[in-house]
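The values are calculated or read from the model by the stated rules, or taken from the named source; none is laboratory data. From a predicted model like this one, the values you see are computed outputs, not experimental measurements. Positions of Cβ are generated from backbone atoms using ideal geometry, with glycine treated the same way; all protein chains shown enter the neighbour counts. We work out accessible area using only protein heavy atoms, side chains counted, and drop any ligands, DNA or RNA first. Shrake-Rupley method; radii C 1.70, N 1.55, O 1.52, S 1.80 Å.
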Amino acid sequence: MDASWGIAVIGSGPAGFYSAGELFRQESFSIKVDMFDRLPTPFGLVRGGVAPDHQKIKSVTKIYSRIAENPNFRFFGNVEFGRDIFQSDLLDHYDAVIYSVGSPADRALGVPGEDLSGSHSATEFVAWYNGHPDFSNHKFDLSVKNAFVIGMGNVALDVARILAKTPEELAATDIAGYALEALRESQLENIWLVGRRGPLQAAFTPSEAREFLELREAEAVVEGGPLELDTESQKILETEAGKDTKKNIEILKQISEREASVKKKRVHFLFLASPVEISGEGKVEKISMVRNQLVRRDDGSLRPQATEKKIEEDAGLVFRSIGYLGKPLADLPFDHKSGTIPNECGQVKDPENGNSFRCREYVAGWIKRGPSGVIGTNKQDSVETVHRMLETFQAEKMEPGQYITVPDIVSLLESRKIEYVSFADWKLLDAHETEAGQAEGRPRLKLTSIAEMLEIIRQKR
Ligand code: NAP
């Protein structure tokens, strides 16, 4: 019997690749990794989530590609867990499984009118402009004048920035071709960022905020004029606030104190406001909000509390950007409140079975800890999972192959007639996209349909 451990990794985003990388770093274990992704393309949110104008961040894929070069690594793209392969298949073929499937859904606001046409989740819009095949047919009415983005995290800032940039600014990116064309026709004049708490509690990071000082044809403003903190907030800034918060306040001050200009669009930062209703005749026409005040809870946190003050604005588009949410996976436990798979240090546990641990199933990334942190956060997270897994192998005195009943996954995929994509196939697609992009002075021209991707791979093989 092959003395290597066989590990399946489900999901090829940062958490999946950092897990594979850490598995290959082990000197006392010989490990083979098969990574599966439901798309023919690897890299998860680096391809489908990171904003197209943040190309530098995307260069992290070079590290992942190096991991993929390991002779003990195989990629099986276009293979979906729960459709093409199932938990029982994985447990038959591998010693253990790491699920690193991310958080593909989104949180709802829970206000009337949220389902009107013109009200979308940021996740939809982000996936759309990034050319995700599941979202390429979505439509966003950009003929309206006012868009409201609810939330003050980095995703909200991404959405606002993409809406605010000029076609020329966007043309230098790898934004999906159809999105570039749609945004070229945009009639938007006002983009509002709505935070339920104050500037000190904003979830965005300084480098993302700073970009609003540099938009070519959009002026950023802080609603309410020059930023002045109340006494309580000023005290917090001086005593409790971290480095990023201090920088955020400096940037917001800079934004709020700038001379008004005659740029075409405006991005309004509106703090201490929450939507209470989205309304209109069959589509979004108005947004009603309440003004909030902050109250300190017993646990010390500052939470928003509605006041009597109301705000009503004309709105044509609303994007809720209040956090991603995990989806349950077949045959795995799930905590609906946090949107994660219950686990301890990455080892899956069954709350309905006395919190017993599953020795062969693990999680990494957002499905493990929830949708927080930057790409690099997943490295530490995956390292923890891998070590927990290897410690369990030792504690349980497991041997490689002990539970494996079927030798290789390829025969199963072939018997099910699944057209899987290898990493070499992906490289063909990658070369095709980048060559097509270079011809137009863009980093890449993304293919946005799975059928088209498979066709190109078949032609180039
Ligand atoms: P996030 O950072 O958790 O921000 C969510 C925002 O939604 C917060 O402002 C939050 O306000 C607000 N919110 C939550 N529930 C709300 C409600 N019911 N009503 C109104 N507002 C509500 O989430 P995210 O922006 O989706 O980002 C996810 C992760 O990806 C973050 O860690 C982010 O930093 C990362 N990311 C990084 C980059 C980058 O590095 N460039 C880009 C995109 C995403 P409260 O604070 O009041 O809860």
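Suppose we keep only residues that are open to solvent by 50 Å² or more (accessible area, probe 1.4 Å) and not charged (D, E, K, R) within the range 383-403. Which one would you say is farthest from Asp34 (Cα to Cα)? I'd like the intermediate steps shown before the answer.
Looking only at the range 383-403, we keep the residues that are open to solvent by 50 Å² or more (accessible area, probe 1.4 Å), and these are 384, 387, 391, 394-397, 399, 402-403.
Those left that are additionally not charged (D, E, K, R): 387, 394-395, 402-403.
On the way: His387: 18, Gln394: 22, Ala395: 24, Gln402: 18, Tyr403: 17 Å.
Filtering the range 383-403 for residues that are open to solvent by 50 Å² or more (accessible area, probe 1.4 Å) and not charged (D, E, K, R), the one farthest from Asp34 (Cα to Cα) comes out as Ala395.
Looking only at the range 265-288, residues that are in contact (Cβ under 8 Å) with a residue 60 or more places away in the chain, in contact with a Ser or Thr (Cβ under 6 Å, 6 or more places away or on another chain) and outside any loop (DSSP other than H, G, I, E, B) come to 4 in all. Identification of helices (runs of 4 or more DSSP H) wholly contained in the range 167-254 with 1 or more residues that are open to solvent by less than 70 Å² (accessible area, probe 1.4 Å) and within 16 Å of the ligand (Cβ to nearest atom) yields 206-210, 231-239. Filtered by the rule that a residue be over 14 Å from the mean Cα position of the chain (by Cα), of a type in the set (S, T, N, Q) and under 27 Å from Gln55 (Cβ atoms), the range 127-151 gives Ser136, Asn137.
Residue check: Asp314 meets all listed conditions (1) touching a residue at least 24 places away in the same chain (Cβ under 8 Å); (2) within 14 Å of the ligand (Cβ to nearest atom) but one, namely (2). Between Ala273, Ala260, the distinction of being open to solvent by less than 70 Å² (accessible area, probe 1.4 Å), out of contact with any Gly (no Cβ under 7 Å at 6 or more places or on another chain) and over 20 Å from Gln187 (Cα atoms) belongs to Ala273 only. Scanning for something in the same structural domain as Leu229 (by TED's automatic domain parsing), open to solvent by less than 20 Å² (accessible area, probe 1.4 Å), of a type in the set (A, V, I, L, M) and outside any strand (DSSP E or B), does the range 339-349 turn up at least one residue? So far as the range 339-349 goes, no, none of its residues is in the same structural domain as Leu229 (by TED's automatic domain parsing), open to solvent by less than 20 Å² (accessible area, probe 1.4 Å), of a type in the set (A, V, I, L, M) and outside any strand (DSSP E or B). Taking the criterion of being within 25 Å of Ile150 (Cβ to Cβ) and either part of a helix (DSSP H, G or I) or touching a Ser or Thr at 6+ places or on another chain (Cβ under 9 Å) (or both), the residues of the range 255-264 that qualify are Ile255, Ser256, Lys264.
If a residue must be of a type outside the set (Lys, Arg) and surrounded by fewer than 17 Cβ atoms within 10 Å (Cβ to Cβ), how many such residues does the range 286-301 contain? If you could, list the steps in order and put the result at the bottom.
Initial filter on the range 286-301 (of a type outside the set (Lys, Arg)): 287-290, 292-295, 298-301.
Remaining after also requiring surrounded by fewer than 17 Cβ atoms within 10 Å (Cβ to Cβ): 293, 295, 298-301.
The total comes to 6.
Out of Pro333, Pro400, one residue alone is within 27 Å of Leu109 (Cα to Cα), touching a strand residue (DSSP E or B) at 6+ places or on another chain (Cβ under 6 Å), away from the ligand (no atom under 14 Å from the Cβ) and part of a loop (DSSP other than H, G, I, E, B). It is Pro333.
Select from the range 365-375 the residues that are within 11 Å of the ligand (Cβ to nearest atom), farther than 14 Å from Gly44 by Cα and in contact (Cβ under 8 Å) with a residue 60 or more places away in the chain and list them in ascending order.
Gly370
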